[in-house]
Amino acid sequence: MKINTNFEVIAFDADDTLWMNEPYFRGMESDYCRLLSKYGTEEEISAELLKTVIKNLELYGYGVKGFVLSMIETAQKKSKGEVDQQVIAQILELGKSLLQKPVEILDGVHEVLQALSEERVKLIVATKGDLLDQERKLAKSGLEKYFHHVEVMSDKKEDNYRKLLAHLDIAPEDFLMVGNSLKSDIVPVLNIGAHAVYVPYHVTWTLEEVEKPDNLKNFEEISHLVELLDLLRE
C-alpha cells in the first residue's frame, strides 16, 4: 500500500519515538524495587506498583510525577504503613533524578525532521504525559524548531484525536500519526479514519502493549524512523 503524501499535518509521538524514555523508567523501577526489597520480590513490588498506577491514572494521568505518587502509595501499602521516611525521601529523589535525565534523541530523528521541514510539511508533536515535563524535554531536545504545534494530551484515545483534528481544522484523511505505541499512536488514529505509521521501540511499557489488529487500513509499519522518508516518497 502506498500512503498518500499530501498530508496537511504529520504528527510525531515524543517518548520513544523522538527520544528515549521507557528505559529510564525501567531503571527507576528497578532501583525502587531494591529500596523495597524487604517487603517483597522485584516481581511482587512491580506487580503491585502497576496495579496502583492503573488505579490512579484517572487522577494523576501519565508522567513521572503521577508515577512517583503511585510508588509512594505502593510503598505504604506493601509495608503496611511502616516504610521508613528515609525510603520515601529516596523515592522522591528517584523521581527528581528521572526528571533531570538528559534528552537522548533517537537515531534518524534529526534527519527525518530536517528533510520534512525542507519540504515545508507542517509537523506537530502529539504526545501524552505531564505538560511541564514534556515541554522541558522538547526544549532540551533542540527539536522545537521543526514543529508548528505541540499538543500534550491527557490521553490518546479516539476522542482526544478528534479534538486535536478539530483544533487543527483538518480532516482525518489529511492527518498522519507516527509513533511507537499501537495502543496510543496507531489504533485510535486509524479508527477515526486518519493514517498512521508504526515505528516499534525495543522496549514498551506494559500498559501500552496490545496485539496488532489484522487488516489495518491506512497503516504502515517500519523498523526505523528514517524509512518514513522513503515511504512518503513512494
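The values are calculated or read from the model by the stated rules, or taken from the named source; none is laboratory data. On a predicted model such as this, the values are computed, not experimentally measured, just so you know. Cβ: placed from backbone, ideal geometry, glycine included. Neighbour counts: every protein chain shown. Please note that ligands, DNA and RNA were not included when accessible areas were found on the heavy atoms of the full protein model with its side chains. Shrake-Rupley method; radii C 1.70, N 1.55, O 1.52, S 1.80 Å.
Residues in the stretch 197-234 that are over 16 Å from Leu116 (Cβ atoms) and of a type in the set (A, V, I, L, M): Val203, Leu207, Val210, Leu216. Considered as a group, the residues in the stretch 123-140 that are small (Gly, Ala, Ser) and surrounded by 14 or more Cβ atoms within 10 Å (Cβ to Cβ) include one that is nearest to Ile186 (Cα to Cα), and that residue is Ala126.
Of everything in the stretch 142-197, what is touching a Gly at 6+ places or on another chain (Cβ under 8 Å) and among the hydroxyl-bearing types (Ser, Thr, Tyr)? Give them in sequence order. Matches in the stretch 142-197: Ser154 only. Taking Glu82 as the residue in question, decide whether it is out of contact with any His (no Cβ under 7 Å at 6 or more places or on another chain) and under 24 Å from His149 (Cβ atoms). Answer is no for this residue.
From the list Ala126, Ala139, Ala89, which residue is within 20 Å of the chain's Cα centre (by Cα) and farther than 25 Å from Pro200 by Cβ?
Details: Ala126 fails: farther than 25 Å from Pro200 by Cβ; Ala89 fails: within 20 Å of the chain's Cα centre (by Cα).
It is Ala139.
Restricting attention to the stretch 31-78, which residues are of a type in the set (Ser, Thr, Tyr), at pLDDT 95 or above and within 19 Å of Glu208 (Cβ to Cβ)? Across the stretch 31-78, the qualifying residues are Ser46, Thr52, Ser70. Grab the helices (runs of 4 or more DSSP H) fully contained in the stretch 51-168, keeping just those with 2 or more residues being farther than 17 Å from Asp16 by Cα and without any contact (Cβ under 8 Å) to a residue 24 or more places away in the chain. By residue number, 64-78, 85-99, 158-168. Does Leu228 count as in contact (Cβ under 8 Å) with a residue 60 or more places away in the chain and assigned to a helix (DSSP H, G or I)? Against the criterion (in contact (Cβ under 8 Å) with a residue 60 or more places away in the chain and assigned to a helix (DSSP H, G or I)), Leu228 qualifies.
Within the stretch 169-180, if we keep just the residues that are in contact with a Phe, Trp or Tyr (Cβ under 8 Å, 6 or more places away or on another chain) and either under 30 Å from Glu48 (Cα atoms) or free of Cβ contacts under 8 Å to residues at least 60 places away in the same chain (or both), the residue that is surrounded by the fewest Cβ atoms within 10 Å (Cβ to Cβ) turns out to be Asn180.
Among the residues of the stretch 4-33, the one identified as over 17 Å from the mean Cα position of the chain (by Cα), assigned to a loop (DSSP other than H, G, I, E, B) and hydrophobic (A, V, I, L, M, F, W, C) is Phe7. Kindly indicate the residue of the stretch 191-217 that is open to solvent by 50 Å² or more (accessible area, probe 1.4 Å) and polar (S, T, N, Q) and also modelled with the highest pLDDT among those meeting that condition. Of everything passing the filter in the stretch 191-217, Asn191 is modelled with the highest pLDDT.
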